[in-house]
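The values are calculated or read from the model by the stated rules, or taken from the named source; none is laboratory data. These numbers come from a predicted model, not from an experiment. Here the Cβ positions follow ideal geometry from the backbone for every residue, glycine too, while neighbour counts run over all protein chains shown.
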Amino acid sequence: MISQPIQPDPIDQLLQKISNEVKREEKQKLATFMQRAIARTIDTAIILGTSYAFQELLIHLIRNDSPYNQEFIISSVKQAMPAFALMLWVLLYSPVMESTGGTVGKRIMRIQLTDLETNQVPPFRMCAARSWIYLIFIVLALVPAVLSCLAYFISDYHQTWHDKLTNMICTKKYSAVEH
């Protein structure tokens, strides 16, 4: 008699997958919407404060230099600052901070981004991709950015669109005392 290769039972595979997901969910506690909103507010204040300080420094340097078209240059600097703040966020602050354990706001709120599959802090390239996706949502007239954040309430792991597209979740961090 010829023996047939034993195929894994599809029901057993499904049950194993469900069991693995339950174990992973028990290990990780997802961040609340309020924690994420407060963290985003803190991070926004940091970026806007830094951008405003940089703007004031530039204006001071321009006034000290006394160029011919000083008011035009100062006006141009003021107009460019929102774009500068957004680029500072997308190119530097968010990817660097997220890939090293979380932004200042997330650290204060004791939450962090983690890769859904590995449950580890995501690499820089994935954090940069997440920032660029969110930038695209903001550039598309802010509505997609708001909808992305509201997706938190209907997704499996409370993911925003930019989290889902980069396979990330936002989890609570616990100290050794809380375990």
Next item on the list: Being small (Gly, Ala, Ser) and either closer than 16 Å to Lys173 by Cα or assigned to a helix (DSSP H, G or I) (or both) is the filter here, so list the residues in region 109-142 that pass it.
Entry: Ala128, Ala129, Ser131
Next item on the list: All but one of (1) surrounded by fewer than 15 Cβ atoms within 10 Å (Cβ to Cβ); (2) over 17 Å from Val121 (Cβ atoms) hold for Val96, so report the exception by its number.
Entry: (2)
Next item on the list: Could you please find all residues in region 42-55 being surrounded by 12 or more Cβ atoms within 10 Å (Cβ to Cβ) and not aromatic (Phe, Trp, Tyr)?
Entry: Ile42, Asp43, Thr44, Ala45, Ile46, Ile47, Leu48, Thr50, Ser51, Gln55
Next item on the list: Residue by residue through region 124-174, note down the ones that are more than 21 Å from Thr32 (Cα to Cα) and touching an Asp or Glu at 6+ places or on another chain (Cβ under 8 Å).
Entry: Met126
Next item on the list: Restrict the check to region 84-93 and report whether at least one residue is of a type in the set (Val, Ile, Thr), surrounded by 14 or more Cβ atoms within 10 Å (Cβ to Cβ) and touching a Leu at 6+ places or on another chain (Cβ under 6 Å).
Entry: yes
Next item on the list: Tell me, yes or no, whether region 166-177 has at least one residue that is part of a loop (DSSP other than H, G, I, E, B), hydrophobic (A, V, I, L, M, F, W, C), closer than 24 Å to Ile46 by Cβ and within 15 Å of the chain's Cα centre (by Cα).
Entry: no
Item checked: Of all residues in region 110-140 being surrounded by fewer than 18 Cβ atoms within 10 Å (Cβ to Cβ) and polar (S, T, N, Q), the one that is farthest from the chain's Cα centre (by Cα) -> Thr118
Next item on the list: Return the only residue of Arg24, Arg40 being modelled with pLDDT under 90, within 23 Å of Ala129 (Cβ to Cβ) and basic (Lys, Arg).
Entry: Arg24
Check: Would you call Tyr152 in contact (Cβ under 8 Å) with a residue 60 or more places away in the chain and not in a loop (DSSP other than H, G, I, E, B)?
Finding: yes
Item checked: Which numbered condition Leu150 fails, given (1) within 30 Å of Tyr52 (Cβ to Cβ); (2) of a type outside the set (S, T, N, Q); (3) surrounded by 14 or more Cβ atoms within 10 Å (Cβ to Cβ) -> (3)
Margin query: Suppose we filter region 59-80 for residues that are surrounded by 16 or more Cβ atoms within 10 Å (Cβ to Cβ) and closer than 30 Å to Ile133 by Cβ; how many remain?
Written below: 1
